[in-house]
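Read through the structure below, which is laid out as structure tokens, and then see the notes.
The values are calculated or read from the model by the stated rules, or taken from the named source; none is laboratory data. Small disclaimer: the values here were computed from a predicted structure and weren't measured. All Cβ positions, glycine included, derive from the backbone under ideal geometry; neighbour counts span all protein chains shown. With ligands, DNA and RNA removed, areas are computed over all heavy atoms of the protein, side chains included. Shrake-Rupley method; radii C 1.70, N 1.55, O 1.52, S 1.80 Å.
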Amino acid sequence: MTFKHKGLLALFGGTFDPIHYGHLRPVETLAKQVGLHKIILLPNHVPPHRPQPEASPSQRLEMVRLSIQDNSLFTVDTRELERDSPSYTIETLTELRQEMGPDQPLAFIIGQDSLLSIHTWYGWEELLDKCHLLVCSRPGYATNFNEPQMQEWLKEHKTDDANKLSQIPNGYIFLGDTPLLDISATEIRKGLSSGNLCDGLIPPLVMAYIKQQHLYQN
Ligand code: ATP
């Protein structure tokens with residue numbers, strides 16, 4: 001799917017096993033803070049050497065679709081899920097940058113936990129050549145890097161001026177002031193398998209689908 005868009009466009013990658021309000025609410029707030037009108041959810045293809053999602057790729061996609069139904073802020077891009085092999089974020093961003101051209105302001109959204117480990121991502125040094133990074137707060141994670149050189153990298157690229165994100169195509173890091181939601185997919189899977197209802201953590205349509213598909217029961 002190619003998207004031509006006037007303003008800032010953002011991608012939000014994740015395993016989404018399952019998608020939950022800890023994903024959706026912070027990025028909705030972030031969208032308001034930075035004037036984002038479109039967020040493209042990008043469900044990952046999980047490499048075989050990593051712990052595999054409990055839900056199948058098509059179930060994860062269906063849950064993403066159900067969670068954004070009737071919400072025009074979001075859309076979904078299935079390119080990573082449809083590939084035969086996993087792709088690195090930098091590869092997907094390179095592809096999208098080619099499709100959208102050099103002038104489209106483009107951002108990639110991550111949580112604070114992902115920011116703190118970003119230097120372990122393949123090709124992370126090139127990420128800011130392709131996009132901005134928008135970071136959502138996440139409870140339980142430090143605000144600073146342990147590594148002084150990473151803290152320096154953050155300082156060098158950080159901006160508090162949201163306008164710059166739409167004026168320049170890539171290169172900034174923006175730390176959002178987003179609601180702190182102590183929700184993780186791991187805790188939801190554990191909760192559901194031990195009979196916890198996980199009320200209020202997942203959109204109702206996603207919860208109904210989880211029940212119908214008998215997901216996360218053991
Ligand atoms: P798991 O528990 O299975 O590792 P997760 O809940 O962390 O999953 P992912 O699909 O791995 O969800 O996360 C996708 C992105 O969403 C990551 O960048 C992660 O940092 C961010 N994220 C997930 N949960 C939250 C949350 N509660 N608050 C802020 N960001 C979050």
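Before moving on, here are some points about what is shown:
- Within the range 155-197, backbone nitrogen closer than 20 Å to the virtual label 7 Å beyond the Cα of residue 117 toward Cβ: 181-191
- GluC sites (Glu not before Pro) lying in DSSP loop within the range 41-138, provided at most 10 other Cβ fall within 10 Å: none
- Amide N proximity, the range 147-191 versus residue 25 label position 7 Å along Cα-to-Cβ, cut-off under 18 Å: 176-189, 191
- Counting only Cα atoms, the size of the range 30-80 along its three principal axes is 38, 21, 17 Å, in decreasing order.
- Sum of side-chain charges, residue 189 neighbourhood, beta-carbon under 11 Å (Lys, Arg +1; Asp, Glu -1): -2
- Nearest-0.05 FRET efficiency for residue 187 and residue 84, computed from C-beta distance (R0 35 Å): 0.65
- Added length on full extension, which subtracts the Cα-Cα distance from 0.36 nm per residue, residue 142 to residue 98: 12.4 nm
- Cα-based convex hull volume of the range 3-49 per residue, rounded to whole Å³: 83 Å³
- Where only DSSP H runs of four or more residues are counted, the chain gives -10500 deg cm²/dmol as its mean residue ellipticity at 222 nm, each run worth -39500 (n - 2.57).
- Percent accessible area from carbon and sulfur atoms, the range 1-131, protein chains only, probe 1.4 Å: 48 percent
- Charged neighbours of residue 26, selected by a Cβ distance under 14 Å, balance to -1 (K, R count +1; D, E count -1).
- Residue of 129, 77, 182 that the Gaussian network model of the chain assigns the largest fluctuation, springs spanning Cα pairs under 10 Å: 182
- Lysines whose Cα lies under 24 Å from that of residue 38, excluding same-chain neighbours fewer than 8 positions away: 4, 6, 130, 158, 164
- Viscosity 0.890 mPa s, temperature 25 °C, Stokes-Einstein D of the chain from Kirkwood C-alpha radius, µm²/s: 137 µm²/s
- Hull-based mean projected area of the range 76-170, where the convex hull spans the alpha carbons, in square nanometres: 7.0 nm²
- Selection of chymotrypsin sites (Phe, Trp or Tyr not before Pro), the range 117-218, meeting DSSP coil and at most 11 other Cβ within 10 Å: 122
- Pairs of alpha carbons in the range 148-218 separated by more than 14 Å make up 71% of all such pairs.
- Summed residue charge, Cβ within 11 Å of residue 87's Cβ, Lys/Arg positive, Asp/Glu negative: -3
- 21 Å Cα-Cα reach of residue 211 towards lysines, excluding residues that sit fewer than 8 places from it in its own chain: 190
- Per residue accessible area of the range 102-218, 1.4 Å probe, in Å²: 55 Å²
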